[in-house]
Amino acid sequence: MDTKLETIVKTAQAKFGATYEEFRGEVHIFVGSEKIVEALTLLRDNHQFELLSALTAVDYWPQNSPRFHVIYQLSSLANNVTVQIRVPVDGDQPKVPTTTSVYDVSNWREREVADMFGIEFEGHPDPRRILMPEDWKGHPLRKDYPLGYEEPQFTFNFDEIDVRKPYVKE
Amino acid sequence: MAQLEEVDVGPYRHLVSERAISGETMLLNMGPQHPSTHGVLRLLLELDGETVVNAIPDIGYLHTGVEKNMEAKTYLKAEVMTDRLDYMNTTGNNLAYCMAVEKLVDLDVPPRAQAIRVILTELQRIASHLVWLGAFGLDLAAMSVFLYCFREREIILDILEMCSGQRMMTTYIRPGGIWRDVPVEFEAAVRNFLKIFPKRVDEYEALMTKNPIMMDRLVGIGKLDAATALSHGVTGPMLRASGVNWDLRKARPYMGYEQYNFNVPTRTEGDTFARYIVHIEEFRESMKIIEQALNKLPMGPVHSDNRKFVPPPRSEIGVSMESLIHHFKLWTEGFPAPKASIYSAVESPRGELGVFLEGDGGPKPYRVHMRTPSFDNLSVTNKITQGHLVADLVAILASIDIVLGDIDR
């Protein structure tokens, strides 16, 4: 492991009780959801992680505790290292504090994760859906959300298929 | 048929100023069907006369669920989805995805394949910048630049067609190498392009760079400082125009970029004109890389010999039983990848194109996330357009170089 990454891991272990994993030279640090804002602020201010490259999540359904991992991929331009922070979240009413106060990019990326996984980001300034329509039900990237398809309508069977479309039921 | 409904300000109340609620400023929809929104982007504008008070992007009109679809396909078959994301940079997307798969399963790429990958992605970068420059000119009412840019882009698309049989959705770069070796005419065609293109770049510059109308429209418009850019996750030419020297090809070289000699153009102004200059300079740098890669294009195989991951060539299938089995297994079941996750990023024409890939031990990706640069670059729109005129908003939007397929995924 890189010496710079080693100091970061040691700091995280001492301050946030974090654990870590390593795979192909990449370091994943596991932090509790209550510590995430503090951890990102520390990494940005003391370890020059200026860029939040990616913010996403993974769903481990049917496992419920933790069901999700929220992933923060950080890049440091000054030191040229990257590190991944993972926050395990339980499946019942998943909640993570918002990190919009640390990085502005969190605003849109957290909206995307909330939209796709149904994870609530507490204190988010603009908690609307971002990619799916406002009135959409469900969260598409969850593993219990089926990969469905829409039946194509042709002239000869338009009405027959139309009665099965979701908007008829409303 | 759905009924047309009047847009209610309710859901946007926290985004617009108090004056919009009292009716002092006007709320106006721009897009999603508007020529200068580059696809299907909708902007909710709050206007005070002709001055922009707030510009709130509303995206998702082109959302196709690529990430969800990729979870249902094998690693080899999921690759075709990546072309359809950023349709201006198809080989670059393939490269990003293939590098992620190669890193996950620990697969080597032979040097010839690496060099061809570099040449093709750099050609694609030029093609992407050409579309950018053309559309940028068009938005600023410089119609002729658009026509010239598309003329040159056609040469590049012809080269891609020569290699892969497809002009845009090539899927030519595959995990472990490339689909098949380039044809014999490839080198002459690329050299011909390298001969023509420098003069053409000078022509664009003669049309635009010192044009007083362009200067009036661009200089000092849409200023973005480095700190805001980084906090908003802005990368690529837009970040380099704000004075941050950050290019993944230099910072974390991949595919042998460390052996090529090239500069990373940066500007410190951070305005629309700086973004234009950075794009123009990148034409020249990309040409340098292509020329060097072509000059030392090594001979040898173009894909890895590891038959557990790379399908065998057609010629072997008829004579070797093992090859037939490998072919069958790879295209039906696919290859398994370890239960682990990796993040790998490349420099696309728009910025850091990252792929987060997680395997579960099976032949299909458990989770793929594409970190697309346009998404983060667009998120800064509201900050840099405030206080400018609507006509300047069009120029700023054009300079961000958004591709809606890249944003909505």
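The values are calculated or read from the model by the stated rules, or taken from the named source; none is laboratory data. Note that the structure is a prediction, hence the values are computed from the model and not measured. Cβ atoms come from the backbone with ideal geometry, glycine included; neighbour counts cover every protein chain shown.
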TODO: Being farther than 24 Å from B:P237 by Cα, within 14 Å of chain A (Cβ to nearest Cβ) and assigned to a helix (DSSP H, G or I) is the filter here, so list the residues in the range B:86-127 that pass it.
DONE: B:V101, B:E102, B:K103, B:L104, B:V105
- [ ] Taking the residues in the range B:105-152 that are under 28 Å from B:Q292 (Cα atoms) and among the hydroxyl-bearing types (S, T, Y) as candidates, determine which candidate is surrounded by the most Cβ atoms within 10 Å (Cβ to Cβ).
- [x] B:T121
TODO: May I ask you to say which residue of B:G362, B:G405 is surrounded by fewer than 24 Cβ atoms within 10 Å (Cβ to Cβ), part of a helix (DSSP H, G or I) and touching a residue at least 24 places away in the same chain (Cβ under 8 Å)?
DONE: B:G405
Open item on the list: What's the total number of residues in the range A:140-159 that are in a loop (DSSP other than H, G, I, E, B) and of a type in the set (S, T, Y)?
Closed with: 2
- [ ] Tell me which residues, restricted to the range B:311-340, are free of Cβ contacts under 8 Å to residues at least 60 places away in the same chain and either among the aliphatic types (A, V, I, L, M) or part of a strand (DSSP E or B) (or both).
- [x] B:I317, B:V319, B:M321, B:L324, B:I325
TODO: Please name all residue pairs, on different chains or six or more residues apart, with Cβ atoms under 6 Å, provided the first residue is in the range B:279-305 and is in the same structural domain as B:W246 (by TED's automatic domain parsing) and in contact (Cβ under 8 Å) with a residue 40 or more places away in the chain and the second residue is surrounded by 15 or more Cβ atoms within 10 Å (Cβ to Cβ) and among the hydroxyl-bearing types (S, T, Y).
DONE: B:I289/B:Y260
Task: Members of the range B:137-178 found to be assigned to a loop (DSSP other than H, G, I, E, B), of a type outside the set (D, E, K, R) and within 19 Å of the chain's Cα centre (by Cα), listed by number - done: B:Q166, B:M168, B:M169, B:T170, B:T171, B:Y172
TODO: Please tell me if B:H14 is over 16 Å from B:N382 (Cα atoms) and either crowded, with 18+ Cβ neighbours inside 10 Å or within 11 Å of chain A (Cβ to nearest Cβ) (or both).
DONE: no
Task: Test result for B:S320, among the polar types (S, T, N, Q) and touching a helix residue (DSSP H, G or I) at 6+ places or on another chain (Cβ under 8 Å) - done: no
Task: Residue that is farthest from the other protein chains (Cβ to nearest Cβ) [pool: residues in the range B:213-251 that are of a type in the set (S, T, N, Q) and buried (at least 23 other Cβ atoms within 10 Å of the Cβ)] - done: B:S242
- [ ] Looking only at the range B:103-111, decide whether some residue is closer than 23 Å to B:R409 by Cα and among the hydrophobic types (A, V, I, L, M, F, W, C).
- [x] yes
TODO: Can you tell me which residue within the range A:38-65, out of those that are crowded, with 18+ Cβ neighbours inside 10 Å and away from every other protein chain (no Cβ under 13 Å), is modelled with the lowest pLDDT?
DONE: A:H47
Task: Check on B:P349, crowded, with 22+ Cβ neighbours inside 10 Å and more than 10 Å from chain A (Cβ to nearest Cβ) - done: yes
Task: Residue identified as within 14 Å of another protein chain (Cβ to nearest Cβ) and on the phi < 0 side of the Ramachandran plot among B:G354, B:G318 - done: B:G354
Task: Spans of strands (runs of 3 or more DSSP E) in the range A:1-98 with at least 3 residues free of Cβ contacts under 8 Å to residues at least 12 places away in the same chain - done: A:19-23
Task: In the range B:365-402, residue nearest to A:I130 (Cα to Cα) [restricted to those that are charged (D, E, K, R) and in contact (Cβ under 8 Å) with a residue 40 or more places away in the chain] - done: B:D376
Open item on the list: If I filter the range B:61-75 for residues that are more than 14 Å from every other protein chain (Cβ to nearest Cβ) and surrounded by fewer than 19 Cβ atoms within 10 Å (Cβ to Cβ), do I get at least one hit?
Closed with: no
Open item on the list: Only one of B:V234, B:V184, B:V219 is among the aliphatic types (A, V, I, L, M), touching a Pro at 6+ places or on another chain (Cβ under 9 Å) and in the same structural domain as B:R153 (by TED's automatic domain parsing). Can you tell me which?
Closed with: B:V234
